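Undergrad: Take a look at the following structure, please.
Values quoted throughout were computed directly from the atomic coordinates according to the rules given, and no laboratory measurement underlies them. Treat the numbers as computed from the prediction; the structure is a model and nothing was measured. Ideal geometry is used to build each Cβ from the backbone, glycine not excepted, and the neighbour counts take in all protein chains shown.
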Amino acid sequence: MTHIDQDLLLELQRDLGDLVSAAESLALSYEKCKNIGVKDHYNFEEEESFDSLSSKFARTSDIFTQKVLKTIFLLLRENPKSFIDKANLAEKLEIIPSADRLILMRDLRNEIVHEYVASKLSRIYKEVLGQYSNLLDAIVAAKINVQEHGWY
């Protein structure tokens, strides 16, 4: 194992720790918002809860896709160029269960980050509730893959 590989392993372990913390916080927000339920209109406190959930979803998916997957690919000596290439390669290598679901999560993340129209927020909140389990499934599968490689 090279010095670079050792640095990458330390980075992966640190990023996985950050991912686990982010996922735990996301889970708490998810449970709170699941109990509120999907509505056409939310009061201020409910909207704050869903805004927090959406922000945590975006942050968790970013840590997963932009840090953890990136480092896994570096360790495997792979260099996918586009996000679609990354998703397809991750599925092919059995790092994640579904490239299509990962792409949908990335699209939702982009919508969360760039959506400013209040009338669309209810739809985004519903999608976040729906995509939550897909994000967790991808994280669990990636952690299993990392453990199988002896990296964590």
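Undergrad: Give, as a single signed number, the net charge of other residues whose beta carbon lies under 14 Å from the beta carbon of Tyr132, with Lys and Arg counted +1 and Asp and Glu -1. The partial results should precede the final answer.
TA: Values: positive: Lys32, Lys34, Lys56, Arg59, Arg101, Arg109, Lys126; negative: Glu24, Glu31, Glu127, Asp137.
The answer is +3.
Undergrad: Note down the net charge around Thr71, summing +1 for each Lys or Arg and -1 for each Asp or Glu among other residues with Cβ under 9 Å from its Cβ. Can you show the working numbers first?
TA: Details: positive: Lys67, Lys70; negative: Glu11, Asp15.
Local charge sum for Thr71: 0.
Undergrad: Here is a follow-up. What angle, in degrees between 0 and 90 and rounded to the nearest 10, separates the Cα long axis of helix 83-92 from the longest principal axis of the Cα atoms of the chain?
TA: It works out to around 60 degrees.
Undergrad: Mind checking which of Leu89, Leu121, Leu76 has the largest fluctuation in a GNM of the chain, springs on alpha carbons under 10 Å?
TA: Of the options given, Leu76 has the highest mean-square fluctuation.
Undergrad: Note the listed values (i) 53, 39, 32; (ii) 43, 29, 23; (iii) 55, 26, 22, then indicate which one is Cα extents along the principal axes in Å calculated from this particular structure.
TA: (iii)
Undergrad: Ok, one more. Greater than 28 Å separation of Cα atoms is the criterion. Which listed pairs, Lys39/Lys81; Lys56/Lys120; Lys86/Lys143; Lys81/Lys120; Lys34/Lys81; Lys39/Lys67, meet it? Please list the in-between numbers first.
TA: On the way: Lys39/Lys81 39 Å; Lys56/Lys120 18 Å; Lys86/Lys143 17 Å; Lys81/Lys120 31 Å; Lys34/Lys81 36 Å; Lys39/Lys67 34 Å.
From the list (Lys39/Lys81; Lys56/Lys120; Lys86/Lys143; Lys81/Lys120; Lys34/Lys81; Lys39/Lys67), the Cα-Cα distance tops 28 Å for Lys39/Lys81; Lys81/Lys120; Lys34/Lys81; Lys39/Lys67.
Undergrad: Give me the one-decimal nm value for the distance between modelled label points at Leu93 and Glu11, 7 Å along each residue's Cα-to-Cβ direction.
TA: So the label points at Leu93 and Glu11 sit 1.3 nm apart.
Undergrad: Then there is this: Work out the charge dipole of the chain with +1 on the Cβ of Lys and Arg and -1 on the Cβ of Asp and Glu about the Cα centre, then indicate which of Ser82, Thr2, Asn35 is farthest towards its positive end.
TA: Result: Ser82, furthest along the dipole toward the positive end.
Undergrad: Let me spell out the model: positive unit charges on the Cβ of Lys and Arg, negative unit charges on the Cβ of Asp and Glu, origin at the Cα centre of the stretch 3-148. What dipole size does that give, in debye rounded to 20? If you can, show how the numbers build up before the last one.
TA: Values: 19 positive and 25 negative charges, 45 e Å.
Here the stretch 3-148 has a charge dipole of around 220 debye.
Undergrad: Count neighbours as other Cβ atoms within 10 Å of each site's Cβ, and list the GluC sites (Glu not before Pro) in the stretch 1-108 that are DSSP loop with at most 12 such neighbours. List each step's numbers first, then the result.
TA: On the way: sites: Glu11, Glu24, Glu31, Glu45, Glu46, Glu47, Glu48, Glu78, Glu91, Glu94; in loops: Glu78, Glu94.
When the GluC sites (Glu not before Pro) of the stretch 1-108 are filtered for loop state and at most 12 Cβ neighbours within 10 Å, Glu94 remain.
Undergrad: Ok, one more. For a quick check, take a GNM of the chain with Cα springs below 10 Å and name the residue from Asn35, Asn79, Asn43 with the largest mean-square fluctuation.
TA: The residue that fluctuates most here is Asn43.
Undergrad: Right, something else. If each of Val113 and Tyr152 carries a label point 7 Å out from its Cα toward its Cβ, how far apart are those two points in nm?
TA: With each label placed 7 Å out from Cα toward Cβ, I get 2.1 nm.
Undergrad: Using a 10 Å Cβ count of at most 10 others and DSSP loop calls, identify the longest part of the chain lacking such trypsin sites (Lys or Arg not before Pro).
TA: On the way: sites that count: Arg77, Lys81.
In short, 1-76.
Undergrad: Among residues other than Glu48 whose Cβ falls under 15 Å from its Cβ, what is the net charge (Lys/Arg +1, Asp/Glu -1)? Present the calculation step by step, with values, prior to reporting the outcome.
TA: Details: positive: Lys32, Lys39, Lys56; negative: Glu45, Glu46, Glu47, Asp51.
Neighbourhood net charge equals -1.
Undergrad: If you don't mind, there's one more thing I want to ask. From Cα pairs below 8 angstrom and at least 6 apart in sequence, can you work out the relative contact order of the stretch 3-148, rounded to a whole percent?
TA: On the way: 114 pairs, mean separation 43.0, N = 146.
After rounding, I find 29 percent.
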